[in-house]
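Notes follow the structure.
The values are calculated or read from the model by the stated rules, or taken from the named source; none is laboratory data. Since we're looking at a predicted model, the values are computed, not measured. FYI the Cβ positions are ideal-geometry reconstructions off the backbone, even for glycines, and counts take in every protein chain you see.
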Amino acid sequence: MSVSEMNTVDMAEVLTYAYELGDMINASVEVADYLYWKQAVENDSEIQALVRRLEMKKELFEETQRFGHFHPNYHEAKDEVSKVEAELEAYEAVARFKLAEKTLDDLLFHMSEKIAYAVSDTIKVPSNNVLPKKGCGSGGGCSCG
């Protein structure tokens, strides 16, 4: 067996394990919870009406953002978006969906991190966190360079 044939076999095995891991994730409590609350949000007509209203308010706010604080309706448009967001978050289904979404995102991130660091301690792992913990540009020590 040549080296390229061994690599092909190894990649096939890695892909098989990846599919198995994906199946395990899809069968997890976290995914079930996420899908349950996602469907609850999608099937609630009051919530969907608020979602549409939020989208309209966001569009209006985006129009004012071209001029920023100098636009006469900037603060009003921003406040309207916040008001509708607060109305949405008052619904249990929305709050639970957001929590389930964050829990699933955290699970997937930690799994990605474990896999990446099994390959290399210096590999970069993408995150949805707007405030990265380490690496270049995060205010911490940087080993890039």
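For the reader, a short list of remarks on this structure follows.
- When Ala86, Ala100, Ala118 are screened for being loosely packed, with under 10 Cβ neighbours inside 10 Å, at pLDDT 85 or above and within 30 Å of Arg52 (Cβ to Cβ), only Ala86 passes.
- Filter result for Tyr34 (touching a Leu at 6+ places or on another chain (Cβ under 9 Å), within 30 Å of Ser112 (Cβ to Cβ) and among the aromatic types (Phe, Trp, Tyr)): yes
- Within the stretch 75-91, residues that are under 16 Å from Gln65 (Cβ atoms) have Cβ atoms under 9 Å from residues that are in a helix (DSSP H, G or I) and of a type in the set (S, T, N, Q) in these pairs: His75/Thr64; Glu76/Thr64; Ala77/Thr64; Ala77/Gln65; Lys78/Thr64; Lys78/Gln65, counting only partners at least 6 apart in sequence or on another chain.
- Check on Arg66, modelled with pLDDT under 90 and not polar (S, T, N, Q): yes
- When Glu30, Glu42, Glu20, Glu80 are checked against the criterion of being part of a helix (DSSP H, G or I), touching a helix residue (DSSP H, G or I) at 6+ places or on another chain (Cβ under 8 Å), within 18 Å of Leu108 (Cβ to Cβ) and at pLDDT 90 or above, Glu30 stands alone in meeting it.
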